[in-house]
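Below: the structure, in structure tokens.
The values are calculated or read from the model by the stated rules, or taken from the named source; none is laboratory data. Values in this document were obtained by computation on a predicted structure and should not be read as measured data. Here the Cβ is made from the backbone with ideal geometry for all residues, glycine too, and neighbour counts use every protein chain on show. Ligands, DNA and RNA are stripped out before the accessible areas are found, and what is left, the full protein with its side chains, is counted by its heavy atoms. Shrake-Rupley method; radii C 1.70, N 1.55, O 1.52, S 1.80 Å.
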Amino acid sequence: MPRIIISNQSNPYLNIAVENYLLAQPSDGDITMYLWQNRRTVVIGQNQNPYSECNVEQLEADGGFLMRRKTGGGAVFHDLGNLNFSFIVPYEVYDQTRQFSVLQKAVAQYGLQTEVSGRNDVLCQGRKFSGNAFSKGRNQRLHHGTILIRTDVEVLQKYLKVKPAKLQKHGVASVQSRVVNLSELNPDITAQNIIPHLIQAFEQEYGAPVQTIEFEQVIKAPEVQQLYAEFASAEWKYGRWQQFRAQRAAQFEWGGVEVSVDVDQASSTITAVDIASDGLFPDDIALAQQLLTGADTHTAPPIPASASPTTSQILADIFHLIYS
């Protein structure tokens, strides 16, 4: 059965706490669509360096929020002109094509045709209005994303730092030329009036009426408050990145990387490695850090024979960046 939860709060730490709480619940076979909005927030991926991605001091001086999620991908800006969606789906019925279809069907109600580009972007008229990221929980999987509807693009540009290499990859000259608000293409669309269309598309896609779960009931769970404290903490948001200084950087097909390595010259071993990345593969980044820590400085560690082709490529690229 499809079910819907709609947040009535705009605090990013509470909203992301609810999402992570839902993902951690045992699967009962139901598919949940969770809709939420954040006020003046820069959201960064699990492995990103906030100081490379965002003008942190300016954001916080303006009363905004920095929030680090537990999925990969790049930095995005949220305001009340932006609607966020999360699909929490049991492993056995998880299907990104169907989940994307809910979004696309809803947008089509405004006469706008869309396409999924690569693994995580949804485009309209060749410009991005939705970025998506993915994660695996113990019992369920997560697919979440943004819908740019009436976001203040000038404010977005004020806070986000976009690396020239990424812009060159996309063949464009600015953040503004890459993204589009749907209200630019159809002024009738708003972050509120698209919600009934999302619910209708959700019901059509999964062939059953939705069950509504009240947000106030969900946030009563003690686990939500514990997660709220974690996401709001300085340790989670900034952590080691306050001292991070990138020594090497590169842009690969799967994402951008910045690397900092500490070396013990006496033993010729790597004693610590930090990797910042906007790629969608946080587990592979963690594996790279694990393999490199304690490795010889002259010879890259072997790539595990059990690694998937994607993991092997990511490890090979990172090792080449460090050892070349």
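Counting only protein heavy atoms and using a 1.4 Å probe, what share of the accessible area of the chain belongs to carbon plus sulfur, as a whole percent? Solvent-exposed carbon and sulfur of the chain make up 48 percent of the total.
For the stretch 1-122, the Kirkwood hydrodynamic radius comes to 15.9 Å, computed from all pairs of different C-alpha atoms. Its Cα gyration tensor gives the stretch 93-168 an equivalent ellipsoid; the semi-axes, largest first and in whole Å, are 24, 18, 12. Taking Cα atoms only, the orientation of helix 222-232 departs from the longest principal axis of the chain by about 60 degrees. The number of Lys pairs in the chain with C-alpha atoms less than 15 Å apart, excluding pairs fewer than 8 positions apart on the same chain, is 4.
An oblate overall shape is assigned to the stretch 233-277, the ratio a/c of its alpha-carbon gyration tensor axes (a ≥ b ≥ c) being 1.5 or greater and a/b not exceeding b/c.
The long axis of helix 12-24 is offset from the longest Cα principal axis of the chain by roughly 90 degrees. Scoring 6-19, 302-315 by mean Cβ neighbours within 10 Å over their residues and listing the highest first yields 6-19, 302-315.
Comparing Arg119, Arg150, Arg39 in a Gaussian network model of the chain (Cα springs below 10 Å), the most mobile by mean-square fluctuation is Arg119.
Sorting 76-83, 59-66 by their mean Cβ neighbour count within 10 Å, with the most densely packed peptide first, gives 76-83, 59-66.
Peptide packing for 45-57, 192-204 was compared via the average number of neighbouring C-beta atoms within 10 Å per residue; ordered from the highest value, the list is 45-57, 192-204. Per-residue SASA remark: Thr269, around 40 Å² accessible (1.4 Å probe; ligands, DNA and RNA not included). Going 7 Å from the Cα of Gln157 in the Cα-to-Cβ direction, what parts of the stretch 60-76 have a backbone nitrogen less than 14 Å from that spot? Label zone hits: none.
When only C-alpha pairs under 8 Å and at least 6 residues apart count, what is the relative contact order of the chain, in percent? Computed over the chain, the figure is 21 percent. Computed over the chain, the convex hull of the alpha-carbon atoms projects to a mean area of 17.1 nm². How high is the FRET efficiency between Gln251 and Tyr323 when r is their beta carbon distance and R₀ equals 30 Å, given to the nearest 0.05? My answer for the efficiency is 0.95. Near the amide H of Ile31, within less than 5 Å, lie the amide hydrogens of Arg3, all on another chain or at least 5 residues away, with H placed in the peptide plane. Each Lys or Arg adds one and each Asp or Glu takes one away; over the other residues whose Cβ falls under 15 Å from the Cβ of His197, this sums to -2.
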